[in-house]
Every structure is written in C-alpha cells, then in structure tokens.
Amino acid sequence: MIADKMTAMLRRPMRAWAAGAGTLLFATLCATLSIPAAGQGERSLERGVKAAFLYKFAGYVEWPAGALPAADAPIVIAVAQEAALADELERIVPGRRIDNHPIVVRRLREGDSLAGIQILFIGAGDRGRTASLVRAAQPHPLLVVTEIDNGLALGSGINFVLHEGRVRFEASPEAVERSGLKLSSRLLSVASNARMGTAQ
Amino acid sequence: MMPAFGSSVRARVMWVVLSTTFASLLLAGTTLLLYELRNYKATRIAEIQSLANIIARASAPAIAFEDAKAAKENLALLGVRPKINAAAIYKPGGTLFATYSRLPEARPFPVSPGAEGFVIEGMRVRLFQRIVENNEVLGTLYIDALYEPLERLKDYLVILGVVMMAAMALAFAISAWLQGAITEPILDITRVTREVMNRRDFSLRAEKTTQDEIGELAVAFNGMLGEVGQRSSELEVINLSLEHEMNEKREAEEALRQADRRKDEFLATLAHELRNPLAPIRNGLEILRMPNVDATAAARARDMMERQLKQMVRLVDDLLDVSRITTGKLVVARERVELQTVVHNAVETARPFVEARRHTLTIDMPGAPIAIDADATRLAQVVSNLINNAARYTEPGGRIGVSVTQDADTVSICVSDNGIGIARELQSSIFDMFTQVDQSLERRQAGLGVGLTLAKKLVELHGGSIHVDSEGLGKGTRMRVVLPLTSPLPGTSRDLPAVNTGSARGPAPRRILLADDNVDFVNSMGTLLEAMGHEVCVAHDGAEALASAEKFRPDFAFLDIGMPMINGYDLARRLKAMPATAHTVLTAVSGWGQASDRLRATEAGFDNHLVKPVEVDQLESIIVNSPA
C-alpha cells in the first residue's frame, strides 16, 4: 500500500520534468543510505558518508546572486562542532569542483563570522548551541545542515538522520528559501521526509 | 507489349489510368514507407535517448545519495512506457545499483555496463548512457526497449493499402467519367465500321464529334468509305458489263457450236448429195457400153445421165457460191434488165424439177415490162432457187405460184406453195447457212441448206430483202423477194439487150489451143469444140503448149495457170512474145478468182480470166464475142 502511494506521489514530479516545469511541490524529503551505524568504525564510516553528502549538496543548491561573486569563487563549507568530519571533508574536496567552483573547507569556531560561508554544517552536540547557530545563520545566504533529532524544527535546511542504519537526510525547502537559497527538486526527490508524505 | 487487359479501347484506357495511378501510388507509398522506416529508427532512438536522459538526470541524485530505492522507483516509472522491456543502473564500479523489468521473465541484465550508445538487436534496442553530474560519472543507465519497425510498417501498409484502394476506386470512377470523351468517338467510328461490314452499305458516315485526332480519323474514315463505296459501285458496274459480255460470249460460242454442227451436217449432206448421182451415171455408162443396146434405151440412159450431171453441177455451183459467201467474194454485176424475162428464165430453169414432182405451176406477172438494175443470172438463180425449194418441200401434185407485184418504188416476187410449211420458231433461222428445215434424220427432201442463204445474200446485194411467211407446219410457205424499183424504162422492153442464155448457135470455125494438165478435162473439152466445128490443138503441159503454138498459130488459147514445165503466166508472156502468137486471144483458166489473180493474169498478157470449173458455153462465149 505504502509503496503504491509513494510511486503515485513520485510519478507527479516525473511528469512535471517531462513537461519542463521545475517548480517545487514538495517541502521536505528524506533520503536513506545503506550505511551501517554502529561502533567506532561505523561512526567513522558514517562521517565519511556525511562528508560526501555535504559536498554533493552543493550541486543541488542555488545561491542568490552575490553570494558567489565570481564564476570560480570557492564554495565554502564551514564545519562547526565536528572536527573529524572537517578532516574527512578536506580529504575529499581537493581537486573537485561544482559548477566550476572549487570547494573550500573551513572549521568554524566560537565567534567566527558566518560571512562568506555557503554551506554550514553543525555537528551533533548541545541542542541549545545548535539552535543559536541556526538562528545566527538565518540572515546569511547559506545552507544550514544539521545532524540532530528534529533538526528541521530548529530551522535548519537539511538534517541528517539515521534510518535502518543508513545515513539519510530530511530537507525543508521553506527554511532554505528563507535564507534566499533554493534547493533542487531533484535533491528533494531523494529526501527521506518526502517519502513520508509529510511536509515539515 | 500491351498486357492482355480486355480487347476494347474502353478497357485499355481504364487499364492505362489504373496502372498509372497504381504505379505512382506505389512509388509514393514505397518512398513514404522507406522514409518512415528510416524516420522510425531516428525517432525511436531519439525517444529512447531522451527517455534515458530524463531517467539519468532524475536518477542522478539517487545515485549520488546512494538511494537505491529511489533509483529503483525512478526506473519503475518506465513502466508507463510499455515499449521498455527493462532498465538498470550500474554504479561506476560496474555493480548493479537498481533494476527494472517489465516482465518477470525478462532477459538477464548485462553483467557489466557496455560502451555508451545503442545497439539494435533484432526486435529490441539496447542503450547504455553514462549518468554524469558535475563532471562526475555517477553510473551507467541501461535501457532495453522494443524496436518494432515492422509493427510500424504493418500499420503503414494497412493505411497504404486502404489509401491505394480508395485512390484506385476514385481513379476508376474519374476515368470512367472522363474517358467517354476519348472512347466515345472511337466507339462511334467502330460502330459505323461494323455497320458497314454487316450491311455493306458504304453510304454510312461516322460523325465528327471532336476536333482532335479522332475527329480527323472520322473525316479520313468517311473519305475512305466514300472512295470504297465509289469503287465498289464502279466494280459492280464493271461486273455487270463483264457478266453481259460473258453472256454474249457464251451465246456467240453457242452460235459457233451450232454453226459448226450445221457445217458438219452440211458436209455429211454434201457427201451424200454428191455421191447420189454417181450411181445412176455409172449405170448409164454400163447401159451405153452394152453391145446390143437399142437406141431408145441409150437415149434414156443419156437423158438420165445428163440430169444427174446437171444436179451435180448445180450442187457444186452452190458449193462454190457458199465459199464465195463465206469469203465475202460474192459479187453481182448489175445492169438494167427486164424483170419478167428474169423470172421467166428462172421458171424455165426450175420447170423440169417442178414437172418431175407433178406440181401445178401458175405464174402471174404484170404485162408492162418492169425494169430493174440487177444481175440477171444471179436474180434468176434466186427465183429458181425459191421455186426449187417450193417444189422440194411440197408433196408431189402440189400447187406452186409465182407472182410479181409492183408498188410505188419496190417490186415483189412471191413464190408460194401448199407444202410442208415452216415451223414458226425456225422461220427466223432458215436464212442461216446450212440450216435444214427438215431436221429429222430420215428426211426425204435432202438439200445442202445453202439455197436460202445464197438467195438472201444475193437479194441483199441487189439492195432488196427476202421474207418468209408460213402459217406453220403443213400450212404451206410463201417466200417474198422485195427489190427496189429503178426509174421507169424509157421506151419498151424491145430496147433491152437480150439476156445471154448461152444459146448454141454455131460460131465461125476457129483455131483453138487448149492447155491443161487435167487430161480428161482438156481432151473432152477439145472433143466438144471440134464437134462445134473448130480446129483444136490440145497440150498437157506448158512446154508442149509452147511448142505446139508456134506451128499451130491459134486464134484462141485457153491456158491453165497451174501447169507442169511452164506455168500459165510464163506461157502467156512467151506466147505474146512470139510473132506467130502475138495476136492470139489468151484466156486464163484458174482455180482462183480473186482480183489479185485477175490482175496478175492481165499483167501476164491474158485477155480473159475464167474461174474453174469451166463449161464449154463459157469458152464458146469468149470465142463468139472476141473480134476475129
């Protein structure tokens, strides 16, 4: 039953593409990843997957004009409260480009300015601090990615979740749009909350 | 070669239209089909390619974010396209990431992705497409789709077939409607042709309904019909005249055959008639030869022999006349004579025969003399012939009448009898040569059948005509000779010269030379002349005659032309050359009496010319009439 319903829901955007209309109809979607999440090794594997996802998100986000002044201006991915993931990310990004933009990793510390950042990852940790960071990022044209339960409720654009031991993500296009960004509907199509049929 | 598609022009025109339509439709259809086939391939591949592009793009996030389920769902969306058999997504490493299969028993997926592009394998096309995002190859999309150009072709063939049939039907209808303009005039001409053939009526004409070649054809056809009709009627006329000529020729042939038959009969009769007197003559000779024959018997025998001889002479004379008629040499020497005398002579000639048959002969002539221009001998021959005929064809003891009647400018001599008469159907042909009135085999009244012909010719030579009148068989016959009358004679009949009837008064004795290789003839003639008191010398060839003449010095010489040693002409020249005979009266005696013969005789020096047979009277006449 559920599978039928999901197919039916998915068929609509497919048709929309075929018609050439790329408007967003779905708010929040979740993605599943077949990554086991247990133990230290599993923890590091999970970090690797999240780092790769984080870098790939850049390909499905549209920043407002001015956020990326030059055609080859670097896309800055700032990592807060999770140094290990920053390490992993730094290992991946060299040499990679998204739409001709090189990728730069920045470790965000307390009091660092959020200016010039395109993607802000807030690692799991204190919920209050995460919430304040999300709030602080709100006026900036950047994509906030969290990995906390109910992260979207805090106002983040994308939130990693673990589902059946696999890394997935939820997305909130509204939250992203509030920061002046746009999420690709193609990304939304693999967001896990899209499959739940719940917007937000 | 034209296909055997019906024999009529209508069918042929239809065939042309339909085959043209069919051929052009077939060409157009085939071209369209080929184009469609090629197009199908292009569009099909493009369709699958674009589908692959869409799926690849849609599936890119699923691969990027390792969402196999989403990828599978994406592929499953291909299920709305029934022509997709199966699809799969391979990870960059070549492992299967997601699959879709329309049918459970689908073919196994390739173990590893192939090179990018499509491969057509029979009824399916397999396509590999790299999934690229941000210059990064995320994986490979594999699509196995149906490739059915033949299905497509089938549809098109059905459409083409239907269109073709509809077009043919339309072409048929239009052609049937329009072709009347072409075929009708032709059919019209054909109808006329058939009519002409059937009725042989060349006056029929085809109607010129169009101004095109067919119209010209109609005009030419009419012209030919006219020509043929004219020639045909000309031929008919010629045929008719030919037929007429044929008939005439046939009639002429029949007439010739008849004449030939008559001639044969004539010959048979002639032989018979000539042979008949010979037996009594021989009997007479036998009687005269007997040693103790008494004078009365001898005189009877001589009389009998003389009669028979006269009969023969008459026959031969007739025969000679016949030959003269047939060669056109019968001539009459006309002079003014008294008709009564001529008739009287004729009656006297015929009287012995009339009396022999015990007929009663009455003569009725006007007292006043009637003068006509005629050959007295020939005219007498005609009348005596008629009297002889009347006597012959009347049973003994009959009545024969001779009358002469004078009209304004003609005179008629009628000889009538109460004899056997002449059947009406024969009356027109009795004047034809050799016609025998009595055609039965055992006819009693034999004749040569030339008498009337001769009479008719002679009368015609006198400018007159002869007519027969008989009520029919057994009713008697009336023959009438009509002659033109000349102006009345001045004076009386005493002025007329006496007709020379060959009287045997004795002439003064003369010296006469007779030369002929016919010994009997010349000897008997010599004997006769000597009996008349002349001195005669006889020679039997030219040389002998010449030798005798010099010593004999004859007053008269009668020379045969065809003699041995020296012929008559040469002999005459030599006699004229000799002083002893230079003044001898020379007379040629020949079998030829033509003008050229006479001329030749005159040139040779002859004074007279006699045609055989010669009688002693003729010699006597020359002797008497020549100056001493």
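Only residues that are more than 14 Å from chain B (Cβ to nearest Cβ), in contact (Cβ under 8 Å) with a residue 60 or more places away in the chain and touching a Pro at 6+ places or on another chain (Cβ under 9 Å): list them for segment A:133-170, please.
A:P141
When the residues of segment B:45-66 are narrowed to those that are open to solvent by 50 Å² or more (accessible area, probe 1.4 Å) and assigned to a helix (DSSP H, G or I), which ends up nearest to A:L45 (Cα to Cα)?
Restricting to residues being open to solvent by 50 Å² or more (accessible area, probe 1.4 Å) and assigned to a helix (DSSP H, G or I), the top hit is B:R57.
So B:V342 clears everything in (1) surrounded by fewer than 18 Cβ atoms within 10 Å (Cβ to Cβ); (2) in contact with a helix residue (DSSP H, G or I) (Cβ under 7 Å, 6 or more places away or on another chain) except one condition, right? Which one?
With (1) surrounded by fewer than 18 Cβ atoms within 10 Å (Cβ to Cβ); (2) in contact with a helix residue (DSSP H, G or I) (Cβ under 7 Å, 6 or more places away or on another chain) applied to B:V342, the lone miss is (1).
Output the number of the condition that B:D560 fails; it satisfies all remaining conditions of (1) open to solvent by 10 Å² or more (accessible area, probe 1.4 Å); (2) within 21 Å of B:V316 (Cβ to Cβ); (3) within 54 Å of the chain's Cα centre (by Cα).
Of everything listed in (1) open to solvent by 10 Å² or more (accessible area, probe 1.4 Å); (2) within 21 Å of B:V316 (Cβ to Cβ); (3) within 54 Å of the chain's Cα centre (by Cα), B:D560 misses just condition (1).
Any chance segment B:205-214 includes a residue that's modelled with pLDDT of 85 or more, outside any loop (DSSP other than H, G, I, E, B) and β-branched (V, I, T)?
There is no residue in segment B:205-214 that is modelled with pLDDT of 85 or more, outside any loop (DSSP other than H, G, I, E, B) and β-branched (V, I, T).
Please specify each residue of segment A:41-61 satisfying the condition of being among the hydrophobic types (A, V, I, L, M, F, W, C) and in a helix (DSSP H, G or I).
Within segment A:41-61, A:L45, A:V49, A:A51, A:A52, A:F53, A:L54, A:F57, A:A58 meet the criteria.
Pick from segment A:82-103 the residues that are away from chain B (no Cβ under 14 Å), touching a strand residue (DSSP E or B) at 6+ places or on another chain (Cβ under 8 Å) and open to solvent by less than 60 Å² (accessible area, probe 1.4 Å): which of them is nearest to A:E46 (Cα to Cα)?
A:L85
Matching residues to (1) touching a helix residue (DSSP H, G or I) at 6+ places or on another chain (Cβ under 6 Å); (2) among the aromatic types (F, W, Y); (3) not in a helix (DSSP H, G or I):
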| position | (1), (2), (3) |
| --- | --- |
| B:L127 | yes, no, yes |
| B:L141 | yes, no, yes |
| B:L150 | no, no, no |
| B:I159 | no, no, no |
| B:N198 | no, no, no |
| B:S203 | no, no, yes |
| B:E216 | no, no, no |
| B:M224 | no, no, no |
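Per-residue answers, yes or no, for (1) open to solvent by 50 Å² or more (accessible area, probe 1.4 Å); (2) part of a strand (DSSP E or B); (3) outside the structural domain of A:P69 (by TED's automatic domain parsing); (4) touching a strand residue (DSSP E or B) at 6+ places or on another chain (Cβ under 9 Å):
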position: A:A131; (1), (2), (3), (4): no, no, no, no
position: A:R135; (1), (2), (3), (4): yes, no, no, no
position: A:P139; (1), (2), (3), (4): yes, no, no, no
position: A:I148; (1), (2), (3), (4): no, no, no, yes
position: A:N159; (1), (2), (3), (4): no, yes, no, yes
position: A:F169; (1), (2), (3), (4): no, yes, no, yes
position: A:V176; (1), (2), (3), (4): no, no, no, yes
position: A:G180; (1), (2), (3), (4): no, no, no, no
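If you scan segment B:175-189, which residues turn out to be touching a helix residue (DSSP H, G or I) at 6+ places or on another chain (Cβ under 6 Å) and either of a type in the set (D, E, K, R) or not in a helix (DSSP H, G or I) (or both)?
Once the filter is applied, which keeps residues that are touching a helix residue (DSSP H, G or I) at 6+ places or on another chain (Cβ under 6 Å) and either of a type in the set (D, E, K, R) or not in a helix (DSSP H, G or I) (or both), segment B:175-189 yields only B:Q179.
Return only the number of the condition from (1) touching a Leu at 6+ places or on another chain (Cβ under 9 Å); (2) hydrophobic (A, V, I, L, M, F, W, C); (3) open to solvent by 60 Å² or more (accessible area, probe 1.4 Å) that B:M164 does not satisfy.
Single failed check for B:M164: (3).
Against the condition touching a helix residue (DSSP H, G or I) at 6+ places or on another chain (Cβ under 8 Å), under 30 Å from B:T486 (Cβ atoms), at pLDDT 85 or above and surrounded by 14 or more Cβ atoms within 10 Å (Cβ to Cβ), how does B:V322 come out, does it pass?
Considered against the rule, which asks whether it is touching a helix residue (DSSP H, G or I) at 6+ places or on another chain (Cβ under 8 Å), under 30 Å from B:T486 (Cβ atoms), at pLDDT 85 or above and surrounded by 14 or more Cβ atoms within 10 Å (Cβ to Cβ), B:V322 comes out as no.
Of all residues in segment B:353-392, which are in contact with a strand residue (DSSP E or B) (Cβ under 7 Å, 6 or more places away or on another chain) and under 16 Å from B:G451 (Cα atoms)?
Result: B:V382, B:V383, B:L386, B:I387, B:A390, B:A391.
Looking at (1) within 27 Å of B:L473 (Cβ to Cβ); (2) at pLDDT below 90; (3) open to solvent by 40 Å² or more (accessible area, probe 1.4 Å), can you tell me which one B:R399 breaks?
(2)
Checking the conditions here, which among B:V589, B:V611 is in contact with a strand residue (DSSP E or B) (Cβ under 9 Å, 6 or more places away or on another chain), open to solvent by 20 Å² or more (accessible area, probe 1.4 Å) and among the hydrophobic types (A, V, I, L, M, F, W, C)?
Every option except B:V611 fails the conditions.
For segment B:169-204, what are the residues that are at pLDDT 85 or above, open to solvent by less than 50 Å² (accessible area, probe 1.4 Å) and of a type in the set (F, W, Y)?
none
Kindly indicate whether any position in segment A:55-67 is more than 12 Å from chain B (Cβ to nearest Cβ), within 26 Å of B:D67 (Cα to Cα), small (G, A, S) and out of contact with any strand residue (DSSP E or B) (no Cβ under 7 Å at 6 or more places or on another chain).
No: segment A:55-67 contains no residue that is more than 12 Å from chain B (Cβ to nearest Cβ), within 26 Å of B:D67 (Cα to Cα), small (G, A, S) and out of contact with any strand residue (DSSP E or B) (no Cβ under 7 Å at 6 or more places or on another chain).
For segment B:288-297, how many residues meet the condition of being touching a helix residue (DSSP H, G or I) at 6+ places or on another chain (Cβ under 9 Å) and either assigned by TED's automatic domain parsing to the domain that holds B:V616 or at pLDDT below 85 (or both)?
The qualifying residues number 3.
Give the number of residues within segment B:280-310 that are surrounded by fewer than 16 Cβ atoms within 10 Å (Cβ to Cβ) and in a helix (DSSP H, G or I).
Within segment B:280-310, residues that are surrounded by fewer than 16 Cβ atoms within 10 Å (Cβ to Cβ) and in a helix (DSSP H, G or I) number 17.
The values are calculated or read from the model by the stated rules, or taken from the named source; none is laboratory data. Source: prediction; values computed, not measured. Note: ideal-geometry Cβ built from the backbone for every residue, glycine included; neighbour counts use all protein chains shown. For the accessible areas, the whole protein counts, side chains as well, though only heavy atoms, and no ligand, DNA or RNA atoms are used. Shrake-Rupley method; radii C 1.70, N 1.55, O 1.52, S 1.80 Å.
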